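Okay, structure first, notes after.
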Amino acid sequence: MRGLYIGRFQPYHLGHQAVLKKIAQEVDEIVIVIGSAQESHTPENPFTGGERMEMIYAALTEVGLRERSVVTPLQDIQRNSVWASHLRSMVPRFDVVYSNNPLVIQLITEAGIEIRRSPMYQREQYSGTVIRKLMRENGEWPLLVPDSVADFIREIGGVPRLNAVSRSDRD
Ligand code: ATP
Ligand code: MG
């Protein structure tokens with residue numbers, strides 16, 4: 001049995017990690033799909049598809065799930081009505097999709113694919129939006145991501161990048 005977990009992972013955080021551990025108890029193999037993979041260097045999507053792939057593999061290694069998982073990027077298509085077939089055409093086969101995102105849930109359900117929601121883990125802090133805000137404000141963002149992900153973001157200069165792409169020429 002193979003489960004698919006999809007997100008933008010900007011960045012990958014401990015909420016994602018909690019979901020993943022739960023999925024690992026329910027299925028044998030996990031396909032992790034990096035959505036909006038073509039996006040990078042913007043305030044909402046600071047990291048490239050490849051950088052997010054590295055973050056996720058580092059985190060998977062940390063929790064011993066790397067051998068059971070594959071990480072794959074997925075570009076956006078600007079047509080929600082055919083997005084589920086786009087997904088199917090681009091990633092390894094899967095039996096069930098895990099998501100808490102309302103649009104993903106709707107599109108997957110309409111395509112006749114089984115969807116499972118997971119509990120929300122400390123959503124007030126384990127949230128990409130919150131973490132990107134903390135990064136811009138010099139806050140305690142490293143506490144909200146796996147250690148290996150914090151190291152990787154420092155290594156690639158992720159915070160200076162996010163600050164740079166969030167500024168305008170009036171700042
Ligand atoms: P953003 O605020 O940028 O949208 P996010 O934290 O929602 O970031 P996504 O990559 O959009 O991260 O999320 C991927 C999937 O993980 C979605 O289904 C989302 O609902 C779910 N998710 C995100 N945070 C948590 C959490 N703390 N607990 C459980 N599920 C979560
Ligand atoms: Mg989200």
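Against the numbered list (1) touching a helix residue (DSSP H, G or I) at 6+ places or on another chain (Cβ under 9 Å); (2) part of a helix (DSSP H, G or I); (3) in contact (Cβ under 8 Å) with a residue 24 or more places away in the chain, Tyr126 comes up short only at (2). For the range 1-31, a residue qualifies if it is part of a helix (DSSP H, G or I) and either within 13 Å of ligand 1 (Cβ to nearest atom) or among the polar types (S, T, N, Q) (or both), and the qualifying residues are Leu14, Gly15, His16, Gln17, Ala18, Val19, Leu20, Lys21, Lys22, Ile23, Gln25.
Could you list, in sequence order, all residues of the range 19-49 that are in contact (Cβ under 8 Å) with a residue 12 or more places away in the chain and under 14 Å from Thr72 (Cα atoms)?
Pass one, the range 19-49, residues in contact (Cβ under 8 Å) with a residue 12 or more places away in the chain: 19-24, 26-39, 41-47, 49.
Once the filter is applied, which keeps residues that are in contact (Cβ under 8 Å) with a residue 12 or more places away in the chain and under 14 Å from Thr72 (Cα atoms), the range 19-49 yields Glu29, Ile30, Val31, Ile32, Val33, Ile34, Gly35, Ser36, Ala37, Gln38, Gly49.
Looking at Ile23, Ile34 in this structure, which one is away from ligand 2 (no atom under 16 Å from the Cβ) and of a type in the set (Val, Ile, Thr)?
Details: Ile34 fails: away from ligand 2 (no atom under 16 Å from the Cβ).
Result of the check over Ile23, Ile34: Ile23.
Look at the range 6-18: where a residue is in contact (Cβ under 8 Å) with a residue 12 or more places away in the chain and within 10 Å of ligand 2 (Cβ to nearest atom) and a partner is assigned to a helix (DSSP H, G or I) and not basic (Lys, Arg), sitting 6+ places away or on another chain with Cβ atoms under 7 Å, you get Gly7/His16; Arg8/Gly128; Phe9/His16; Phe9/Met55; Phe9/Ile56; Gln10/Gly128.
Residues that are over 17 Å from His13 (Cβ atoms) and part of a helix (DSSP H, G or I) within the range 59-84 comprise Arg66, Glu67, Arg68, Asn80, Ser81, Val82, Trp83, Ala84, listed in sequence order.
Contact map, the range 144-171: residues that are among the hydrophobic types (A, V, I, L, M, F, W, C) and outside any helix (DSSP H, G or I) paired with residues that are at pLDDT below 95 and surrounded by fewer than 15 Cβ atoms within 10 Å (Cβ to Cβ), Cβ distance under 6 Å, separation 6+ or inter-chain. No pairs are found.
What are the residues in the range 93-117 that are part of a helix (DSSP H, G or I) and either modelled with pLDDT under 95 or within 14 Å of ligand 2 (Cβ to nearest atom) (or both), if any?
First, the residues of the range 93-117 that are part of a helix (DSSP H, G or I): 102-110.
Result: Pro102, Leu103, Val104, Ile105.
Out of Met135, Met120, which single residue is assigned to a helix (DSSP H, G or I) and among the hydrophobic types (A, V, I, L, M, F, W, C)? Before you say what the answer is, go through the steps one by one.
On the way: Met120 fails: assigned to a helix (DSSP H, G or I).
It is Met135.
The values are calculated or read from the model by the stated rules, or taken from the named source; none is laboratory data. This structure is a prediction, so every number in the text was calculated from the model and none was measured. All Cβ positions, even for glycine, are placed from backbone atoms using ideal geometry, and neighbour counts span all protein chains on display.
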